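Read the structure below first, then the notes.
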Amino acid sequence: MDSLGVLIIAPESDLKNTADIVAAANGFRVNVLNGYVTGREALKEIGSGRYDVVYFGGHERELDSVTVSDGRLDEEYLRQALRSASSGRLQIVILNSCDSISMAAALYRAGVAPRVIGWPSEMSDAAAGSWAQNFFRSLALGAEFWEAFASSVEVLRVQFPTVKPPVFLNGRITLLEERVAAIQRQLDERAGMLTVPRWTLAVLLVLAGLAATATVLALLQ
């Protein structure tokens, strides 16, 4: 996979491991958007169709969206950009940030990417960086996306045994995707019927992510 185009978006990032992740993707065509990154810049690059991998890293401030320097990326605009990219080279979207499984599932259900990775809970910068570095290293060695994901999760389990691993959504794991979608629908219905505090919804989303993680771990074994 030495011809992969990789777009790394890390707005306002103070993550010291961004450079390490870029180094792990050595040999690929890597473009990094970091520092002050506007929504217009991000959407333009995503929709260009030049990238196989679109990677978001950083500290997300919302459970159900992707944020850049000038605010939240409008979900419909993001979907449109990803749809444009999927008509080109796009093969996978990676949301390497805390509690990103809800957004990952939404993007996957929308059909804007054949594979999406998101995290079901909070994790440290060190854990997120280690996982991403091992994922890209495996790709650089010729692994397929699923193989790179599986091997990077195994390393994560050894290095950070208490961290819940990310979730890989693709056609191979339809049961997992359906389960995440069903849980999300239940949460949406509950939110519509009740005035639920935001922290309560956050807890429910984390529990949904844990259920999804249990499924993917069973499938990985």
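The values are calculated or read from the model by the stated rules, or taken from the named source; none is laboratory data. Keep in mind that what you see is a predicted model, and the values were worked out from it rather than measured. For neighbour counting, all protein chains shown are included, and Cβ atoms are generated from backbone atoms with ideal geometry for every residue, glycine included.
Computed values, structure above
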read-out: Answer residue from the range 128-151, given it is small (G, A, S) and under 14 Å from A25 (Cα atoms) and is surrounded by the most Cβ atoms within 10 Å (Cβ to Cβ) among those; value: A132
read-out: Pairs where the first residue, in the range 151-164, is under 20 Å from A140 (Cβ atoms) and the second is part of a loop (DSSP other than H, G, I, E, B), C-beta under 6 Å, 6+ apart; value: V153/P165; L156/P165
read-out: Of all residues in the range 118-127 being part of a helix (DSSP H, G or I) and hydrophobic (A, V, I, L, M, F, W, C), the one that is surrounded by the fewest Cβ atoms within 10 Å (Cβ to Cβ); value: A126
read-out: Selected residue (criterion: modelled with the highest pLDDT) from residues of the range 107-127 that are under 25 Å from V158 (Cα atoms) and more than 11 Å from the chain's Cα centre (by Cα); value: A127
read-out: Positions within the range 107-117 being in a helix (DSSP H, G or I) and under 21 Å from A148 (Cβ atoms), in sequence order; value: L107, Y108
read-out: Residue count for the range 31-41, restricted to those that are of a type in the set (V, I, T), under 20 Å from D125 (Cβ atoms) and surrounded by fewer than 20 Cβ atoms within 10 Å (Cβ to Cβ); value: 1
read-out: Failed item in (1) on the phi < 0 side of the Ramachandran plot; (2) of a type outside the set (K, R); (3) surrounded by fewer than 16 Cβ atoms within 10 Å (Cβ to Cβ), with G71 passing the rest; value: (1)
